[in-house]
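The values are calculated or read from the model by the stated rules, or taken from the named source; none is laboratory data. Owing to the predicted nature of the structure, the values given are computational and were not obtained by experimental measurement. Every residue, glycine as well, gets a Cβ built from its backbone with ideal geometry; the counts of neighbours run over all protein chains shown.
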Amino acid sequence: MSRRTLSFICQNCGAAHSRWQGKCEGCGEWNTLVEEGGERPSGPSRKSGKGRTFALEPLSGSAQDAPRCASGIGEFDRVTGGGFVRGSVLLLGGDPGIGKSTLLIQAAAALARTGERSVYISGEEAVAQVRLRAERLGLQDADVELAAETAVEDIITTLSQGRTPRLIVIDSIQTMWTGTVDSAPGTVTQVRGSAQALIRFAKRSGATIILVGHVTKDGQIAGPRVVEHMVDAVLSFEGEGSHQFRILRAVKNRFGPTDEIGVFEMTGAGLREVVNPSELFLSERDLGQPGTAVFAGIEGTRPLLVEMQALVAPSSLGTPRRAVVGWDPSRLSMVLAVLEAHCGVRLGGHDVYLNVAGGLRIQEPAADLAAAAALVSSLTAAPLPADAVYFGEVSLSGAVRPVAQAPARLKEAAKLGFSRAVVPDAARGETAESGLQLGEVASLVDLVTRIAASGKRRGQDE
Ligand code: TYD
Ligand code: MG
């Protein structure tokens, strides 16, 4: 009797259903169920219900420090937490065309140059295409081993021979297939089965494997979401189509921090590391225009100055527009509500647009003060001082709260030639020795008064 059962697997979330239905009960997506053959039971067969005994170990045993190997790309290592951990598996996700293959061939080549064995398996491109790209990137002399293969068992058998590779790149996990599963390549079951086999191989051999995963918005191809739980780290490679900057971010990391970002620039000769991102994000500053404020932020352990731009314009719509790029829309709504409720700033009849320049996405609440400053500046047409930075969290009562790492933010601002900072009043003690002229604000009302006063002063001068 066959133990295999057919089931309908949601291609979006991986939930299994016994019948076909229009909507997945797991994630609520429509039309995502696909009939798939179940996995054949693999592994050593067990006749009776008895298990084998294994040794249990004390927690206090000698812990091996996760042995790492630097990739040779500093920004990559910053995100992984200091290099590739032996036997770990990373998933690199990102939109098509963002530069995943470029980043990984560069990483593989950098590692090969240090004398380690590094392998690049492409399931999407022919060897000649990968070579062509490597040539364009000036990497043809690096000793990377290439193959265009998609059968996971063949890959594992081949790589088990000879010296254990230090790094194996699998581009991409959606193109891989394993004989232990009946479904077509690209389906959730295949992706999961292939990833499982590769993860087992990594743990056994000590090689680091990087899986590339495509993320599609419509959920047509099996997303790599099901793999996220299985791997040690999930990295995401992001960028705005119209900008050259690419940001590598750790979404999950069992061996390192998840708040560090790596910044790259896509050039004609591949990805270039950007060691000082603040200079990049401030390079095209709209100096002295109303509606722009510089936010002194922190990404991980690194200070990062970015420009926040706001446009507040009278609206002809019943419900005015609120549009945000690069920041959390609900935080914008909150800042707008606090401005209305506590500062007497009327925004109900205005469209509000907020944009973080350079295609960066900010997640810190510390950006509240800079966003508020940009909004008020745009509304009152009063430009903010071009040499000032802002940071502080706004609470619902209208108070401006101190944020972490104020000295690091101020130091970065001073380094980049800023001479003033508008900071939370409560942070006074920490911020004394920065060399910047500090303007402390205790509440959002203070900030609004300050900007309105500068607007008036300018009006009188003219
Ligand atoms: P690619 O790494 O193929 O993206 P992915 O693997 O994420 O789909 O990169 C594709 C884009 O990168 C493509 O639009 C061209 C651009 N690119 C450059 O601008 N410079 C380069 O040196 C290379 C190799 C690619
Ligand atoms: Mg690619």
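What to note about this one:
- Candidate set from the range 262-296 (those that are over 17 Å from the mean Cα position of the chain (by Cα) and part of a strand (DSSP E or B)); member that is surrounded by the most Cβ atoms within 10 Å (Cβ to Cβ): A296
- Set side by side, the residues A370, A386 differ, and just one is in contact (Cβ under 8 Å) with a residue 40 or more places away in the chain and not in a loop (DSSP other than H, G, I, E, B), which is A370.
- Filtering the range 166-176 to residues that are more than 15 Å from ligand 1 (Cβ to nearest atom) and either crowded, with 22+ Cβ neighbours inside 10 Å or over 22 Å from V234 (Cβ atoms) (or both) leaves L167, I168, M176.
- One residue from R331, R361 being under 26 Å from V263 (Cβ atoms), touching a strand residue (DSSP E or B) at 6+ places or on another chain (Cβ under 9 Å) and in a loop (DSSP other than H, G, I, E, B): R361
- Scope the range 106-120; condition closer than 11 Å to I210 by Cβ and within 14 Å of ligand 1 (Cβ to nearest atom); matching residues: A107, A108, Y120
- In the range 345-361, residue surrounded by the most Cβ atoms within 10 Å (Cβ to Cβ) [restricted to those that are more than 30 Å from R249 (Cβ to Cβ), touching a residue at least 12 places away in the same chain (Cβ under 8 Å) and not acidic (D, E)]: V345
- Complete set of residues in the range 105-136 that are part of a loop (DSSP other than H, G, I, E, B) and within 11 Å of ligand 2 (Cβ to nearest atom): G123, E124, E125
- Test: residue in the range 122-137 that is away from ligand 1 (no atom under 16 Å from the Cβ) and touching a residue at least 24 places away in the same chain (Cβ under 8 Å): no
- Residue satisfying condition, being touching a residue at least 60 places away in the same chain (Cβ under 8 Å), charged (D, E, K, R) and buried (at least 19 other Cβ atoms within 10 Å of the Cβ), within set E364, E299: E364
- Enumeration of residues in the range 128-173 that are of a type in the set (D, E) and either over 28 Å from G270 (Cα atoms) or touching a helix residue (DSSP H, G or I) at 6+ places or on another chain (Cβ under 8 Å) (or both): D143, E149, E153, D154, D171
- Annotation note: of T114, T80, T102, the sole residue that is surrounded by fewer than 21 Cβ atoms within 10 Å (Cβ to Cβ), in contact (Cβ under 8 Å) with a residue 60 or more places away in the chain, of a type in the set (V, I, T) and within 26 Å of P257 (Cα to Cα) is T102.
- Residue within the range 40-61 that is part of a loop (DSSP other than H, G, I, E, B), acidic (D, E), modelled with pLDDT of 85 or more and over 21 Å from V191 (Cα atoms) present: no
- Hits in the range 161-217 (condition: under 20 Å from the mean Cα position of the chain (by Cα), away from ligand 2 (no atom under 16 Å from the Cβ) and part of a loop (DSSP other than H, G, I, E, B)): K217
- The set of residues in the range 232-248 that are more than 16 Å from ligand 2 (Cβ to nearest atom), closer than 16 Å to S71 by Cβ and part of a strand (DSSP E or B) contains only A233.
- The set of residues in the range 185-209 being surrounded by fewer than 24 Cβ atoms within 10 Å (Cβ to Cβ), touching a Phe, Trp or Tyr at 6+ places or on another chain (Cβ under 9 Å) and in contact (Cβ under 8 Å) with a residue 60 or more places away in the chain consists of G193 alone.
- Meets criteria (among the β-branched types (V, I, T) and within 16 Å of ligand 2 (Cβ to nearest atom)) for T102: yes
- Where R166 falls short, out of the listed (1) without any contact (Cβ under 8 Å) to a residue 60 or more places away in the chain; (2) under 17 Å from S118 (Cα atoms): (1)
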